1. Looking only at helices (runs of 4 or more DSSP H) that lie completely in region 163-259, which have at least 1 residues being among the acidic types (Asp, Glu) and within 14 Å of the chain's Cα centre (by Cα)?
2. Hey, among 135, 122, which residue is under 22 Å from residue 10 (Cβ atoms) and either acidic (Asp, Glu) or in the same structural domain as residue 154 (by TED's automatic domain parsing) (or both)?
3. Considering only region 75-92, state which residues are surrounded by fewer than 21 Cβ atoms within 10 Å (Cβ to Cβ) and either touching a Cys at 6+ places or on another chain (Cβ under 6 Å) or assigned to a helix (DSSP H, G or I) (or both).
4. From 96, 201, which residue is in contact (Cβ under 8 Å) with a residue 40 or more places away in the chain and either in contact with a Phe, Trp or Tyr (Cβ under 8 Å, 6 or more places away or on another chain) or surrounded by fewer than 23 Cβ atoms within 10 Å (Cβ to Cβ) (or both)?
5. If a residue has to be surrounded by 17 or more Cβ atoms within 10 Å (Cβ to Cβ) and touching a residue at least 60 places away in the same chain (Cβ under 8 Å) to count, how many in region 162-180 make the cut?
6. Answer with yes or no whether residue 135 is part of a loop (DSSP other than H, G, I, E, B), of a type in the set (A, V, I, L, M) and touching a residue at least 12 places away in the same chain (Cβ under 8 Å).
7. Can you tell me which residues in region 182-208 are in contact with a Gly (Cβ under 8 Å, 6 or more places away or on another chain) and closer than 13 Å to residue 78 by Cα?
8. Is there any pair linking a residue in region 141-156 that is touching a residue at least 40 places away in the same chain (Cβ under 8 Å) to one that is of a type outside the set (Phe, Trp, Tyr), with Cβ under 7 Å and at least six apart or on different chains, and which?
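The values are calculated or read from the model by the stated rules, or taken from the named source; none is laboratory data. These numbers were taken from a predicted model, which means no experiment stands behind them. As a convention, Cβ positions derive from the backbone with ideal geometry for all residues, glycine included, and neighbour counts pool all protein chains shown.
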Amino acid sequence: MTKVSAIIVTYHTGQRLKECLYALSADPDINETVIVDNGNPVDMQNWLAAFCAHRPKSKLLTGHGNVGFGAGVNRGADAAAGDHILVINPDAVLRRGSVASLQKTAQDRADPWIIGGKIFDLFGVETRGPRRRELTLWRAVTSMLGWNTWTLEKTTPPAQAIEMPVISGAFFLTSKASMARLNGFDEAYFLHAEDVDLCRRCREAGGTVWYDPAASALHYGSTSDAPSREVAAHKADSLARYFRKFAAGPFETLAVSIAMPVMRLALWVSGR
């Protein structure tokens, strides 16, 4: 099998980060762990340094400050030794055997390719986002109003790997060659929507995006102590960038300009 480097971008993640890292270090299909410390409390920084000091296959990138999720992944990918890149959230726990399944799905695929897996909660229920339709302004607005026209977790899950317009940046496999061809994540997104952008650019470049239900990870979610309204503001900024970047003509650009202040307010009020 091709060597795999796991990349974890962490910012004030909390104790779940340790569980994530222990699972990765014990997984026989992970050849290297690259931890990108975007900013953690001193006690966690010390713990990460000790963790890596006792594990020669672990790398710690620190001292650069909070550069955002996409930029953090890009830094990790540049430092990774493996030809395959597993991106996983710091509050997620990889299920044993998932990497082998993702690599099987990736076999013989031409670059660029991205393969996501099932993300489930403490009750084993698929969370929101691992399977998604193409994001449009209409789907964003309707989903925000409570009519979910975007994500597919309420639909019947596939029995085998299938092509999917968008998967979650919280858990996916790709290749270093694919990331290089796509120039990595667009670092203008600080947090949120960078995965949607990456999947879209992958497909527009002639590549494929896949969802593999046999690969999975437990995602605790909401473990960071970052202020919720600060996160919501980043989400609003990212959605605005995405829709402006891919707007099809002046009419759609105008629609984005009208819709985004309302969406921004709704996100700020809800704090999500």
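1. Numbers: elements: 176-181, 194-204, 228-245.
Qualifying helices (runs of 4 or more DSSP H): 194-204.
2. Values: 135 fails: under 22 Å from residue 10 (Cβ atoms).
Only one candidate passes the filter, namely 122.
3. Of all residues in region 75-92, those surrounded by fewer than 21 Cβ atoms within 10 Å (Cβ to Cβ) come to 75, 78-79, 81-83.
Within region 75-92, 75, 78, 79 qualify.
4. Values: 201 fails: in contact (Cβ under 8 Å) with a residue 40 or more places away in the chain.
Exactly one residue qualifies, and that residue is 96.
5. Within region 162-180, residues that are surrounded by 17 or more Cβ atoms within 10 Å (Cβ to Cβ) and touching a residue at least 60 places away in the same chain (Cβ under 8 Å) number 10.
6. Values: part of a loop (DSSP other than H, G, I, E, B): yes; of a type in the set (A, V, I, L, M): yes; touching a residue at least 12 places away in the same chain (Cβ under 8 Å): yes.
It is true that residue 135 is part of a loop (DSSP other than H, G, I, E, B), of a type in the set (A, V, I, L, M) and touching a residue at least 12 places away in the same chain (Cβ under 8 Å).
7. 184, 185
8. The qualifying pairs are 141/259; 141/263; 144/263; 144/266.
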